[in-house]
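The values are calculated or read from the model by the stated rules, or taken from the named source; none is laboratory data. Computed from a predicted model, the values in this text were never measured in an experiment. So basically every Cβ, Gly included, is an ideal-geometry build from the backbone, and we count neighbours across all protein chains shown.
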Amino acid sequence: MSPLVQIIVAAAVISLLMATLWAVQRRTGNAGTVDVAWAGTIGLAAVFFAATGSGDATSRWLAAVLAAVWSGRLTWYLFGRVVGHPEEGRYATLRAKWGDDAQRRFFVFFQIQAAAALFFALPFLVLANRVQDGLSWLDFVGVAVWAIGIVGVALSDRQLAVYRQRPENRGKTCRAGLWRYSRHPNYFFEWLHWCAYAPLVIHAPGGWLAVLVPLVLLYFFFFVTGIPPTESQALASRGDDYRSYQRSTSVFVPWFPKRESP
């Protein structure tokens, strides 16, 4: 199957899945399922690319395994946070803001997320169609960076969850573990994970896509859906405690904290 046909098929399936979930959220009133679907559909698209790609067996297996592990972990994590819980604040705010036009706007939003999922799956498309003999030293570099990113995200998520489970920490800012060195270690290691695909496909046709994806993600983290709304909500709920945290702690790249003001 040619890469173009692979993209067309994946786009159609992802769009249909997102439309189905949009219909589901009309009944449940929880648009947060779009986040679960975003992570899951990237993995599904990547496995499809690996199964139908024209690359060598090693490249196709590598694409399938790396995508399945990343997607499976994140999908399960988001599923536990979304399903059976009240709608996340940002979606509830949008629902109230859009009023009677909310369902139409949410449909457009779900389809935009479908396009984003396809875009983020493109590095796996390139890898699945890569042709080379065995593994190169760049493959080992890519897998090492991938592993650091996956472990870092999982560890930061776990540390935050454990902190929040303790009643005495209610209303306070997490400074445990990786959160002592970065205000957003989960974002940093997620971004690092996406950087891992560049060494794997940099010499393959279309390899530039694996460089573009982390650049786009970095833009979104800093200017759109990542850090700005997260910190705005943290300031609203934790006030001076979070302002002190901002002054002492690196915003993104983990680094040694400054001495906090008394």
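The set of residues from segment 205-231 being assigned to a loop (DSSP other than H, G, I, E, B), touching a residue at least 12 places away in the same chain (Cβ under 8 Å) and over 18 Å from residue 192 (Cα atoms) comprises 205, 206. Here residue 234 fits the description: touching a helix residue (DSSP H, G or I) at 6+ places or on another chain (Cβ under 8 Å) and in a helix (DSSP H, G or I).
Yes or no, residue by residue, for (1) surrounded by 15 or more Cβ atoms within 10 Å (Cβ to Cβ); (2) over 22 Å from residue 32 (Cα atoms):
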{"position": "187", "(1), (2)": "yes, no"}
{"position": "210", "(1), (2)": "yes, yes"}
{"position": "217", "(1), (2)": "yes, no"}
{"position": "225", "(1), (2)": "no, no"}
{"position": "229", "(1), (2)": "no, no"}
{"position": "238", "(1), (2)": "yes, yes"}
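Taken residue by residue, segment 121-134 has at least one member that is in a loop (DSSP other than H, G, I, E, B), in contact (Cβ under 8 Å) with a residue 60 or more places away in the chain and touching a Pro at 6+ places or on another chain (Cβ under 9 Å). Return yes or no: is residue 199 in the same structural domain as residue 139 (by TED's automatic domain parsing), touching a Cys at 6+ places or on another chain (Cβ under 7 Å), under 30 Å from residue 130 (Cβ atoms) and not β-branched (Val, Ile, Thr)? It is false that residue 199 is in the same structural domain as residue 139 (by TED's automatic domain parsing), touching a Cys at 6+ places or on another chain (Cβ under 7 Å), under 30 Å from residue 130 (Cβ atoms) and not β-branched (Val, Ile, Thr).
If you go through segment 14-30 one residue at a time, do you hit one that is touching a residue at least 24 places away in the same chain (Cβ under 8 Å), on the phi > 0 side of the Ramachandran plot, more than 14 Å from the chain's Cα centre (by Cα) and not assigned by TED's automatic domain parsing to the domain that holds residue 228? Scanning segment 14-30 turns up at least one residue that is touching a residue at least 24 places away in the same chain (Cβ under 8 Å), on the phi > 0 side of the Ramachandran plot, more than 14 Å from the chain's Cα centre (by Cα) and not assigned by TED's automatic domain parsing to the domain that holds residue 228.
On the stretch given as segment 219-231, residues that are closer than 30 Å to residue 129 by Cα and touching a helix residue (DSSP H, G or I) at 6+ places or on another chain (Cβ under 6 Å) total 1. Beta carbons closer than 6 Å, at least 6 apart along the sequence or on distinct chains, pair a first residue in segment 43-61 that is of a type outside the set (A, V, I, L, M, F, W, C) with a second that is assigned to a loop (DSSP other than H, G, I, E, B) and surrounded by fewer than 22 Cβ atoms within 10 Å (Cβ to Cβ) for 52/1; 55/131; 56/131. Just one of the listed residues (130, 95, 105) is charged (D, E, K, R) and crowded, with 22+ Cβ neighbours inside 10 Å, namely 130.
Tell me whether segment 157-176 contains one or more residues that are surrounded by 15 or more Cβ atoms within 10 Å (Cβ to Cβ) and touching a Pro at 6+ places or on another chain (Cβ under 7 Å). No, segment 157-176 contains no residue that is surrounded by 15 or more Cβ atoms within 10 Å (Cβ to Cβ) and touching a Pro at 6+ places or on another chain (Cβ under 7 Å).
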